[in-house]
Amino acid sequence: MIVLKRFYTRSILRHIRYPYRTNATTTQRKPDPFNIEYDPIKQAVIYPSELIIQNKKYPTDSWTNVNGHILSRIGQNLHQQKNHPLYHLTNRLRQHFYQYYDPRKLSPKFSIIDDLRPIVTTEQNFDSICIPADHVSRTKTMNYYINKSTLLRAHTSAHQVDLIRSGLNAFLCIGDVYRRDSIDPTHYPVFHQCEGVQLFNKEELFIENRNVRGDKDYLQIFGSNEHRDATKQEGHTLEAVKLVEASLKKTITDLFKNLFPNAATLNSRWVDATFPFTHPSWEYEIEIDGKWYELLGCGIMEHSVLENSGLSKDHIGWAFGLGLERIAMIMYGIPDIRLFWSNDSGFLSQFAFDDSTRAVRYKPISVYPQCINDLSMWMGKTIIDPSDFHDLVRAIGGDLIEQVVLIDEFYSAKKQRHSQTYRIIYRSMDRTLTKEEINMVHKDIESHCKQQFGVEIR
Ligand code: PHE
């Protein structure tokens, strides 16, 4: 496939988002609070020279690809909103991890940080945790950049190094993370993660570290002849790695036993994985109704991450990162990730209780029908990147969009043009949509596609 150089900037705007109500006759545009404009003649998003986000100014540049829909999520902190399901889950994580006690500090072992702003540097999000300069996870297609060196964090791992530097050796870090992703009932461009980290020195790892003759310091974390292989990093001894692995896996299985009291009857498994900041690495999955769900990624922290945090060769540690929505959806039976952003009292009232350990099952208020509309287009000068299309659809259709799938793509030699067909599935969380209403949104998506991407609707 020939990929032509894009000549337009990215994603469109909040001011064309979600103006539709059943009784709307015209589509009114709200002014964009971030002053992001769309120029239909240049077919480009025009960013102001600086974006003001939470009273801080950020210069924009050719990397800028945030939009108002995404920026408006900053500061909402669903995990801190009383009676929100993510608030209850955060409380349960807090309660669970506060049980671990540090007798030397006379305080809980894990510090819990849940209020770090989601605007981070590329240094924090990537470099500090050894993500290589050419790694795919850095692309504009996958992230929301404010400018070349500033982005909305794509994971809570962005704070590992800062928190260790600040002196912590065991912590959870909870917050909202942002990724340009597919649209479906389990993916949303903003979700929440909980990072967990625990470090060990020799004394903490090898308690009673003597051999039968009473020689002290018998076991070591680091050895001079240790090579990197599938089981460990260079420098680490296998016995140290195995103990940290056991601690990590016990911590995680204990957590899930607490969160899912019927965990004994749930099947779970560790799957080998790869992350640039851990080795070895695993994903933890549980089986529900015959389907496996990935709940988290984890592993032994890369030693260079600890070095970046200012530690010398005396510590080893584990880290995990789990997705809160995924767990809350399973825990409460919430069928669609968009519900977490709902202000509908029918949803929120089901979580209005003080005791976060209460076991509740979400009862759908009612089930509204889906409406499926396909959109086929001949490409203009450029081939649309599906993530740009997703952003455009989300910006216009807002939360009426349940799913967007690229269902067909081909090149016509006769026409000398590329074609793409997307299936857009509309469904409201709180009402039955009328045909007219959906057609209006669909037509608006079509006309913005023509304007922004120069396509011809087939
Ligand atoms: N940051 C990883 C992600 O978002 C998860 C992870 C965290 C994996 C810590 C390993 C260690 O996918």
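Annotations
- Simple spin-label estimate for residue 202 and residue 222 gives 1.1 nm between the two label positions (7 Å along the Cα-to-Cβ direction from each Cα).
- Size descriptors for the range 122-216 (Cα atoms only): Rg and Dmax, in that order, 18.6, 62 Å.
- Simple Cβ-charge dipole of the range 275-335, Lys/Arg +1 and Asp/Glu -1, about Cα centre, in debye nearest 20: 100
- Ranking 360, 452, 345 by Cα position along the charge dipole of the chain, where only Lys, Arg, Asp and Glu carry charges on their C-beta atoms, puts 452 farthest toward the positive end.
- P(r) of the range 36-149 over all Cα-Cα pairs, binned every 5 Å from zero, in whole percent: 2, 9, 13, 15, 14, 15, 13, 9, 5, 3, 1, 1, 0, 0
- In plain terms, the chain from residue 450 to residue 349 could stretch by 32.2 nm, reckoned as 0.36 nm per residue minus the Cα-Cα distance.
- Residue-averaged 222 nm ellipticity for the chain, from DSSP H runs of 4+ at -39500 (n - 2.57), nearest 500: -6500 deg cm²/dmol
- In this simple spin-label approximation, residue 238 and residue 292 carry label points 7 Å from Cα along the Cα→Cβ vector, and these lie 2.6 nm apart.
- Cα point-scatterer Debye curve for the range 315-432, base-10 log of I(q)/I(0) at q = 0.16, 0.21 Å⁻¹: -0.89, -1.18
- Between the range 334-353 and the range 139-193, the alpha-carbon centres lie 23 Å apart.
- Charge context of residue 303, other residues only, Cβ under 9 angstrom, K/R +1, D/E -1: -2
- Net length gained if the chain between residue 249 and residue 104 were fully extended (0.36 nm per residue, minus Cα distance): 49.8 nm
- Taken about its Cα centre, the chain carries a charge dipole of about 960 debye when Lys and Arg each add +1 at the Cβ and Asp and Glu each add -1 at the Cβ.
- Dipole of the range 371-457, positive end: most advanced residue of 407, 390, 419 [Cβ charges, Cα centre]: 419
- A simple charge model with +1 on the Cβ of Lys and Arg, -1 on the Cβ of Asp and Glu and nothing else charged puts the dipole of the range 259-409 at about 380 debye relative to its Cα centre.
- Given R0 = 35 Å, the distance between the Cβ atoms of residue 135 and residue 363 translates into a calculated FRET efficiency of 0.25.
- Seen from residue 137, the other residues with C-beta closer than 14 Å to its C-beta sum to a net charge of +2, counting Lys and Arg as +1 and Asp and Glu as -1.
- The range 264-333 gives an Rg/Rh value of 1.10, both radii derived from C-alpha positions and Rh following Kirkwood.
- Modelled spin labels at residue 373 and residue 415, positioned 7 Å past Cα toward Cβ, are 2.0 nm from each other.
- For the range 162-297, the convex hull spanned by the alpha carbon atoms encloses 170 Å³ per residue.
- Treating each Cα of the range 371-457 as an identical point scatterer and summing with the Debye formula, the log10 of I(q)/I(0) at q = 0.14, 0.16, 0.17, 0.21 Å⁻¹ comes to -0.46, -0.59, -0.66, -0.96.
- Share of carbon and sulfur in the accessible heavy-atom surface of the chain [1.4 Å probe, %]: 51
- Theoretical FRET efficiency, 1/(1+(r/R0)^6), r = Cβ-Cβ of residue 381 and residue 274, R0 45 Å, to 0.05: 0.75
- Euclidean distance of C-alpha centroids, the range 211-263 and the range 426-458, integer Å: 54
- Taking other residues whose beta carbon is less than 11 angstrom from the beta carbon of residue 455, and scoring Lys, Arg as +1 and Asp, Glu as -1, yields +2.
- Sparsely packed loop sites in the range 241-336 (the trypsin sites (Lys or Arg not before Pro) outside DSSP H, G, I, E and B with at most 12 other Cβ atoms within 10 Å) comprise 313.
- Fraction of alpha-carbon pairs over 33 Å apart in the chain - percent: 43
The values are calculated or read from the model by the stated rules, or taken from the named source; none is laboratory data. None of these values were measured; they are calculated from a predicted model. Here Cβ is always computed from backbone atoms with ideal geometry, including for glycine, and neighbour counts include all displayed protein chains. These accessible areas exclude ligands, DNA and RNA; they are computed on the full protein's heavy atoms, side chains included. Shrake-Rupley method; radii C 1.70, N 1.55, O 1.52, S 1.80 Å.
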